[in-house]
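Novice: Dropping a structure here in structure tokens format, bear with me for questions.
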Amino acid sequence: MSETPNTPLLVDTDHLGRILAASLPAGVRAAELFIESRLTLGIETRDTDPASGFPRVERGWETGAHLRRFSEGRHESFILDSPEPGTLEALALHPQAVTVDWLSDRPKLGVPPAQTLRPEARLDQAAPSSEAGPWSSPWLTAALSALETWRDRLRRHAAGAGFTTRISGSLEARIQEILVLATGKDPARDTRPSLDATLHLEIARHGTRSEARERLCARSLDDLVAMTQGDALVRLFERAVEGLDADAPPSGTMPVIFASPSGGFLLHEICGHLLEADHILRGDSPFVASRGEAIAPAILTLADDGSMAGMRGSLLYDDEGVAARRTPLILQGTLVGFLSDRLTSFATQGISTGNGRRQSYRDTPMPRMTNLVIEPGPSHPDEILAGTSSGLFVTRLGRGRVDPATGRFALAVEEGYRVVSGRVDAPVRGAVLRGRAADLLLAIDAIGNDPQADRGAPLCVKGDQAVPFGIMQPTLRVGSMTVSGPER
């Protein structure tokens with residue numbers, strides 16, 4: 001990544017698109033050029049010796065392009081770092097030569113430039129030349145001030161209760177700007193700002209220690225500051241205190257209630273991944289032959305929706321230039337759809353659902369979820385809790401794993417409580433949820449009328465690629481689920 005400000009990348013979309021179409025070799029039916037500009041700023045601060053160099057600030061800016069050519073049953077990929085207009089044209093015309101020295105000069109293209117060109121697309125919002133945003137001095141000053149304010153508030157809470165503390169915090173700001181040119185399609189452009197904050201609190205008193213972590217996401221620094229004006233920091237401190245006296249988790253088969261929006265991460269793992277079309281086409285999913293069948297109670301309706309405004313996974317276009325949309329997956333308990341990209345659209349009647357996503361221009365897109373949306377049910381969350389005599393109440397999930405072929409999963413509970421006589425009781429630490437996806441979906445027996453968006457910063461990890469996604473989920477209860485302690 002470059003530390004030196006660079007000029008924006010200018011792309012004549014009409015001219016480059018004509019080159020892309022005119023240079024298709026025999027047997028190649030389509031081509032797609034993905035161009036990306038990405039600006040990042042990372043800030044890390046912690047309670048430590050000032051000589052250790054905190055706070056730390058790291059800036060990065062990079063551009064790149066990824067050309068794919070599609071033939072029957074296969075595709076070829078060509079990657080170009082730090083493109084310029086001339087080298088982009090050469091990539092479109094002669095991709096096999098992207099590492100040859102002559103690319104440093106403007107190539108002879110064989111396609112005459114148009115007399116009247118369309119306006120050039122500027123990939124400049126994600127460039128250091130921008131006077132606002134994460135590379136600007138005022139933004140950095142405001143971000144450092146926000147981090148220090150959050151740490152001071154946490155220190156005051158802890159000192160008032162007689163605790164010693166260690167506090168660390170980080171901010172990661174990103175602006176990703178993409179341009180997708182595909183043969184036979186209009187150019188697609190999207191700008192995606194994001195800001196993730198992480199606060200880690202360790203408290204100690206009389207030799208006993210506990211810790212808690214909070215991750216928040218927003219589209220701007222102002223939005224993030226507004227989020228922490230409420231109870232986010234107070235709740236972080238309370239969770240650390242609760243951890244001092246947390247019980248061992250219950251063990252066995254029992255009802256589990258997922259407070260809104262905590263259960264969305266679980267359903268992302270067992271539905272979002274298992275309903276991706278690449279798994280379906282390879283036969284690596286328990287739902288391969290289940291389309292049109294009831295796989296859950298009729299109270300469950302679940303969709304992927306990348307078009308929702310303001311959600312973490314929202315897009316104008318996916319990374320193949322397909323417009324974001326709502327894709328129903330489970331409709332009143334019946335499996336009705338899958339998530340696909342261009343290569344796996346055979347599973348979705350030959351049309352991509354707009355879920356082709358990649359971590360960067362260096363990666364090939366795969367079908368991935370954008371925003372998991374669970375429609376509200378008929379029950380009030382208090383009624384669901386009151387109707388549960390005993391079990392586990394989950395308010396935050398941690399890391400987990402799922403086997404796509406079998407649907408078996410194990411997922412850690414980061415914050416949970418015993419349910420006793422229809423009320424939330426003592427906190428527990430170390431609970432792990434286990435089971436099979438097909439069994440869990442059928443065991444959902446109550447859904448609340450209180451959908452909320454997850455304000456955290458979840459990441460979907462697949463094939464060593466991580467992309468952000470969003471969650472909109474009401475309270476839900478799984479009537480029977482296996483709960484155990486962590487593996488030894």
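The values are calculated or read from the model by the stated rules, or taken from the named source; none is laboratory data. Computed from a prediction, not measured in an experiment: that's the story for all the values here. When we count neighbours, we look across all protein chains shown, and the Cβ atoms used for this are built from the backbone with ideal geometry, even at glycine.
Novice: Do any strands (runs of 3 or more DSSP E) lying entirely in segment 433-488 carry at least 3 residues that are touching a residue at least 40 places away in the same chain (Cβ under 8 Å), and which ones are they?
Specialist: Qualifying strands (runs of 3 or more DSSP E): 444-447, 465-468, 470-473, 476-484.
Novice: Looking at this structure, is residue 361 among the aromatic types (Phe, Trp, Tyr) and closer than 30 Å to residue 178 by Cα?
Specialist: yes
Novice: If a residue must be basic (Lys, Arg), more than 26 Å from residue 192 (Cβ to Cβ) and touching a residue at least 24 places away in the same chain (Cβ under 8 Å), how many such residues does segment 261-316 contain?
Specialist: Qualifying residue count for the region: 1.
Novice: Restricting the search to segment 18-38, which residues are touching a residue at least 24 places away in the same chain (Cβ under 8 Å), more than 13 Å from residue 320 (Cβ to Cβ) and of a type in the set (Gly, Ala, Ser)?
Specialist: Within segment 18-38, 21, 22, 23, 27, 37 qualify.
Novice: Over 20 Å from residue 267 (Cβ atoms), touching a Gly at 6+ places or on another chain (Cβ under 9 Å) and exposed (fewer than 15 other Cβ atoms within 10 Å of the Cβ), is that true of residue 389?
Specialist: Yes: the conditions hold for residue 389.
Novice: While we're on this one: Check segment 140-150 and report whether any residue there is charged (D, E, K, R) and either in a helix (DSSP H, G or I) or touching a residue at least 40 places away in the same chain (Cβ under 8 Å) (or both).
Specialist: Within segment 140-150, one or more residues are charged (D, E, K, R) and either in a helix (DSSP H, G or I) or touching a residue at least 40 places away in the same chain (Cβ under 8 Å) (or both).
Novice: Moving on. Taking residue 373, is it crowded, with 16+ Cβ neighbours inside 10 Å, under 30 Å from residue 280 (Cα atoms), touching an Asp or Glu at 6+ places or on another chain (Cβ under 6 Å) and among the aliphatic types (A, V, I, L, M)?
Specialist: yes
Novice: Considering only segment 130-153, I want to know if a residue exists there that is within 30 Å of residue 30 (Cα to Cα) and surrounded by 15 or more Cβ atoms within 10 Å (Cβ to Cβ).
Specialist: No, segment 130-153 has no match at all.
Novice: Could you check segment 274-286 and list, in sequence order, the residues that are in contact with a strand residue (DSSP E or B) (Cβ under 7 Å, 6 or more places away or on another chain) and surrounded by fewer than 23 Cβ atoms within 10 Å (Cβ to Cβ)?
Specialist: Answer for segment 274-286, where residues must be in contact with a strand residue (DSSP E or B) (Cβ under 7 Å, 6 or more places away or on another chain) and surrounded by fewer than 23 Cβ atoms within 10 Å (Cβ to Cβ): just 278.
Novice: Does residue 430 satisfy being assigned to a loop (DSSP other than H, G, I, E, B) and either among the aromatic types (Phe, Trp, Tyr) or closer than 23 Å to residue 239 by Cβ (or both)?
Specialist: For residue 430, the condition - assigned to a loop (DSSP other than H, G, I, E, B) and either among the aromatic types (Phe, Trp, Tyr) or closer than 23 Å to residue 239 by Cβ (or both) - is met.
Novice: A further question on this structure: Only one residue in 262, 307 is at pLDDT below 95 and within 23 Å of residue 368 (Cβ to Cβ). Which one?
Specialist: Numbers: 307 fails: at pLDDT below 95.
Only one candidate qualifies: 262.
Novice: I've got another one for you. In segment 478-487, is there at least one residue being crowded, with 21+ Cβ neighbours inside 10 Å and modelled with pLDDT under 95?
Specialist: For segment 478-487, residues crowded, with 21+ Cβ neighbours inside 10 Å and modelled with pLDDT under 95: absent.
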